[in-house]
1. With an 8 Å cut-off on Cα pairs and a minimum separation of 6 or more residues, tell me the relative contact order of region 193-346 in percent.
2. Which loop-located trypsin sites (Lys or Arg not before Pro) does region 286-329 contain, where loop means any DSSP state but H, G, I, E or B and the Cβ has at most 13 other Cβ atoms within 10 Å?
3. Which lysines, if any, have their Cα less than 23 Å from the Cα of LYS283, not counting same-chain residues under 8 positions apart?
4. Relative to the longest principal axis of the C-alpha atoms of the chain, give the angle of the C-alpha long axis of helix 112-130, reported between 0 and 90° and rounded to the nearest 10°.
5. Cross-link list LYS79/LYS328; LYS122/LYS328; LYS83/LYS155; LYS151/LYS315; LYS118/LYS322: which exceed 22 angstrom alpha carbon to alpha carbon?
6. What distance in nm lies between label points placed 7 Å from Cα along the C-beta direction at LYS334 and LYS303?
7. Where nothing but the Cβ of Lys and Arg (+1) and of Asp and Glu (-1) is charged, how large is the charge dipole of region 184-263 around its Cα centre, in debye to the nearest 20?
8. Please give the per residue accessible area of region 302-346, computed with a probe of 1.4 Å over protein heavy atoms only, in Å².
Amino acid sequence: MGKVKKLVAAAMVSVMSLSVVGCNMIEQTAESKAKTVLAKVGDTNITLGDVDSELKADIDNLKQTYGQDYESSIPDSLKEQLKTVRTQVLNQLVNEQIMSQKAKALNLIPSDEELESKISEKTEELKGVYGGEEAFKSALEYYGYTDETFKEFMKTQVISEYMTKDVTISDEEVEKYYNTNIANYTTKPSATANHILFKSNNEDKEAADAEALAQANEAKAKIDSGEVTFDALFEKYSGNKAAGVYPISESLGTVEYDKSGYDTDFLAGLEKLGEGEISAPVKSSFGYHIIKATNVVKESTVKSFDEVKDSIKEKLLTEKKKEVYNTKLEEWKKELKVKTYEDKLS
């Protein structure tokens, strides 16, 4: 929903037994701290309390784990995480306030009817994302939203879209992007490579090569005879890499035949294979490989402009809207004399 809500809580490994709940001094200090002004947008102040209300679930977890005076108890690493997230939320609240004030002044707010329609539409989309009405309500409660505050949040999202509704991308821009980035729409000769690597730890290199080759030949003979399948051996050796023992099996994903960083002998062995074929042992600088190739592409193919023009247009439109939005935001920050005091988050 565009808000950073969850802190990485790996540092919460133990619950500290602090009996500070009910201490009037701590309550007063916390209340005073919540009124700390972190930013000014025109005549509107944004306080620490405003920021923390957006992080209700995280703050509640911290209090439950470390006590009401959690900020004096949490480890330094978690303090840094908390500061980072608070900064992100603060910047978002500042942007929302800027947008709200300028949208009213410049009459950029859609009609009440259109606004309600858009909010309802987006709310329904979110219900689908969360898996239904009840799950959605639980999420709102978890993130500290009331019906009113959620509606206000959605209102700012609709207004931000309304600000850039007139942004367009021409067919010429789309075609220029396609021609300039044709490599992104080109599939080079390649194959999906799964391999089993045989290697000996014998200190004598010649003997080690001989042992690895013998193991690879034995495995290939069993595959050829039908005694075992490549896939069965691949599965058998799948945990060996983590254990540091050989043979090991790996899925390399799609490998282009001219891919840099790969052993050239390995690539040559892969390139010889047709769809579903399994290689004889292939020697590389790493040892001996038995390779299985799938999704084989023997010739370069280029997606036509018609195939990708819609996705390109959507990409360029999103980027242009973001650029327009950010430019406007920076202009309005100056006009409203926005000030932020992130140092007060320390």
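1. Working: 165 pairs, mean separation 38.4, N = 154.
Reported as a whole number, the value is 25 percent.
2. Of the trypsin sites (Lys or Arg not before Pro), the ones in loops of region 286-329 whose Cβ has at most 13 other Cβ atoms within 10 Å are LYS298.
3. Candidates past the 8-residue exclusion: LYS199, LYS205, LYS220, LYS222, LYS236, LYS241, LYS259, LYS272, LYS292, LYS298.
4. 40
5. Result: LYS79/LYS328; LYS122/LYS328; LYS83/LYS155; LYS151/LYS315 exceed 22 Å.
6. Using points 7 Å along Cα→Cβ, the separation is 3.9 nm.
7. 300
8. 76
The values are calculated or read from the model by the stated rules, or taken from the named source; none is laboratory data. Values in this document were obtained by computation on a predicted structure and should not be read as measured data. Cβ: placed from backbone, ideal geometry, glycine included. Neighbour counts: every protein chain shown. With ligands, DNA and RNA removed, areas are computed over all heavy atoms of the protein, side chains included. Shrake-Rupley method; radii C 1.70, N 1.55, O 1.52, S 1.80 Å.
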